[in-house]
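Bear in mind these aren't lab numbers, they're just calculated from the coordinates by the rules spelled out. Quick caveat: nothing in here was measured; it's all calculated off a predicted structure. Please note: Cβ atoms are built from the backbone with ideal geometry, for glycine as well, and neighbour counts cover all protein chains shown.
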Amino acid sequence: MSSGISEIEPASAEPIVFRWYEAEVAAVTVVTPRVKSVRLRCAIAGRQRAGQHVDVRLTAEDGYRASRSYSVASVPDESGTLELLVEGLPDGEVSGWFFDSAEVGDKLELRGPIGGSFSWDGPDGGPLLLAGGGSGVVPLLAMLRRRAQVAPDIPAALIYSVRTRAEAIALDELEARDRDELNFSLFLRTTREGEEGRIDAALVRAALERIGAPRKVFLCGSNRFVSPAADLIVGAGVPATIVRTERFGE
């Protein structure tokens, strides 16, 4: 891989989203036993809307390439970096490198930001109803961070389904927001511990009662999570036309 960090060329005829830019690992920290936070320094940092993702590409010494899409967890700031929250997956070429090998100073490539319809900013308004399963909470976390940054008065609720509390991403942050932010509510369900189980109609009703009729709804997670969650939300009277989803895996 080449050295140095490329700069965006404003006059380029190729759209920014379709171009690859070199990035450098700025920090790697453990978030949960299965997830690491990776800070990347890159020319496209700060251009993303909350909820968007980037493509990551690795190139081996023999020229072999592997790529993967990751939601951006951070919001635009002046740091020149963006944050990915990467779950280590069995046999995952890119996630395995991030989780087991990535070190500060390593180089890779990024393309994006991508995903205009699954994104939110303060002027888009609310109330906001968010529902995430497992690592699907990452783009929703970015939305909540952006909301706190620019529009804290907008009511928002997050329904978060995860196997155990130990596997919940950014749980300390989310619980602090639930405690300290007047207009935000967290509804956490753990599927493999306690008696709460999976989300149900009663939980959806409770979230809607807390924020009122939502104007924006975003769901992200596996197919097994998103489909029933969307059915519950629409079944509670939320128009299907305002529901935006992102799915991965089974």
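For S101 and D180 in the same chain, what is the full-extension length gain: residue separation times 0.36 nm, less their Cα-Cα distance, in nm?
Residue separation times 0.36 nm, minus the Cα-Cα distance, leaves 24.7 nm.
When the chain is described by a simple charge dipole with +1 on each Lys and Arg Cβ and -1 on each Asp and Glu Cβ, the residue from T59, S95, G116 located farthest towards its positive end is G116.
The mean sequence distance of close C-alpha pairs (under 8 Å, at least 6 residues apart), as a share of the length of the chain, puts its relative contact order at 18 percent. Computed over the chain, the P(r) curve from all C-alpha pair distances, binned at 5 Å from the origin, holds 1, 6, 13, 18, 19, 16, 12, 8, 4, 2, 1, 0 percent per bin.
In the stretch 92-162, Cα pairs under 8 Å separated by at least six residues give a relative contact order of 36 percent. Across the stretch 226-234, rounded Karplus estimates of 3J(HN,Hα) from the backbone phi angles (6.51 cos²θ - 1.76 cosθ + 1.60, θ = phi - 60°) give 5, 4, x, 5, 5, 4, 5, 5, 5 Hz, Gly and Pro being marked x. Counting only Cα atoms, the size of the stretch 16-114 along its three principal axes is 32, 31, 22 Å, in decreasing order.
A P(r) calculated from all alpha carbon pairs of the stretch 82-164, with 10 Å bins opening at zero, reads 14, 38, 32, 16, 1 percent. Take every pair of alpha-carbon atoms less than 8 Å apart whose residues are at least six positions apart; their mean separation over the length of the stretch 16-114 yields a relative contact order of 40 percent.
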